[in-house]
1. Could you point to the residue in 164, 202, 151 farthest towards the positive end of the chain's charge dipole, with +1 and -1 charges on the Cβ of Lys/Arg and Asp/Glu respectively?
2. Accessible area per residue of the chain at 1.4 Å probe, in Å²?
3. Hey, any idea what % of the chain's accessible area is carbon plus sulfur with a 1.4 Å probe?
4. Rounded if a/c is under 1.5, else prolate if a/b beats b/c, else oblate: with a ≥ b ≥ c from the C-alpha gyration tensor eigenvalues square-rooted, which is region 18-109?
5. Students often forget the sequence filter, so: which lysines lie under 22 Å Cα-Cα from residue 141 once same-chain residues fewer than 8 apart are removed?
6. Tally Lys/Arg at +1 and Asp/Glu at -1 over every other residue whose Cβ is under 9 Å from the Cβ of residue 97; what's the total?
7. Starting from region 20-94, pick out the trypsin sites (Lys or Arg not before Pro) whose DSSP state is loop and whose Cβ has at most 14 other Cβ atoms within 10 Å.
Amino acid sequence: KDTKQVGIENDIQNQTEQANDNPLIYIYSSHQRESYNKEYMEDYNVNPDVFLASHIMQEKLNNMKIKTIVMEDDITAYLNNNNLNYSKSYVASRYYLEPAIKKYPTVKLFIDLHRDSASKESTTVTIDDKDYAKVMFVIGKEYDTYQDNLAIATKINDKIEAKYPALSRGIMQKEGPLVNGVYNQDLDSRVILIELGGDKNNLNEVLNTIDVLVNILGEYVNET
């Protein structure tokens with residue numbers, strides 16, 4: 001390798017290390033390939049899914065000086081390599097999340113980003129002539145410390161409802177038969193699950209909500 005190439009590679013490595021230096025938010029998706037409506041995307045080679053939404057959130061948060069990491073590990077590849085089906089996605093995300101929690105002690109929020117499967121009416125709201133994808137928090141109740149995770153989700157949800165009352169669908173607490181009930185939230189009180197819109201929402205609606213959500217998350221992080 002010539003000196004110039006080595007210098008470029010070192011610059012890239014330094015930028016990566018800086019991005020990972022004392023991060024405050026860590027975003028991952030147990031269901032990375034959950035897609036949104038492809039409306040407006042027909043002419044672009046882009047799949048509007050939660051993985052894309054995670055990176056958009058990351059960029060906006062980083063621009064606000066809130067260092068954010070997105071988990072790049074491939075959940076589907078993990079499932080395939082270990083002969084696991086889709087229902088074991090939380091097993092896969094746990095495999096990557098657990099070491100991340102230990103590696104990044106400065107993180108104040110670990111966000112498992114999803115999108116819901118629900119009617120367009122239930123996942124969309126119009127505020128001041130602008131359409132938004134609604135958000136919903138999901139907290140499992142089948143682990144001893146769920147109240148700690150619930151308290152964090154409640155703080156963030158309260159902030160949303162104070163500024164954009166119709167944007168949140170609230171906090172769904174889940175337990176019982178045929179329900180996960182944990183969502184890896186037993187690993188740490190800072191782990192929360194956010195449903196950002198649904199499969200009927202288009203990327204414009206998701207982007208409008210991201211603009212609101214990153215400001216709310218920034219407020220929470222700065223106060224914590």
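The values are calculated or read from the model by the stated rules, or taken from the named source; none is laboratory data. What you see is a predicted model, and the numbers here were worked out from it, not measured in a lab. For neighbour counting, all protein chains shown are included, and Cβ atoms are generated from backbone atoms with ideal geometry for every residue, glycine included. Accessible surface is based on the protein model in full, side chains and every heavy atom, while ligands, DNA and RNA are left aside. Shrake-Rupley method; radii C 1.70, N 1.55, O 1.52, S 1.80 Å.
1. Of 164, 202, 151, it is 151.
2. That works out to 51 Å² for each residue.
3. Ligands and nucleic acids excluded, carbon and sulfur give 46 percent.
4. It comes out oblate by the Cα gyration axes.
5. By straight Cα distance, residue 141 reaches 88, 108, 155, 174.
6. -2
7. Filter output for region 20-94: 33, 38, 65.
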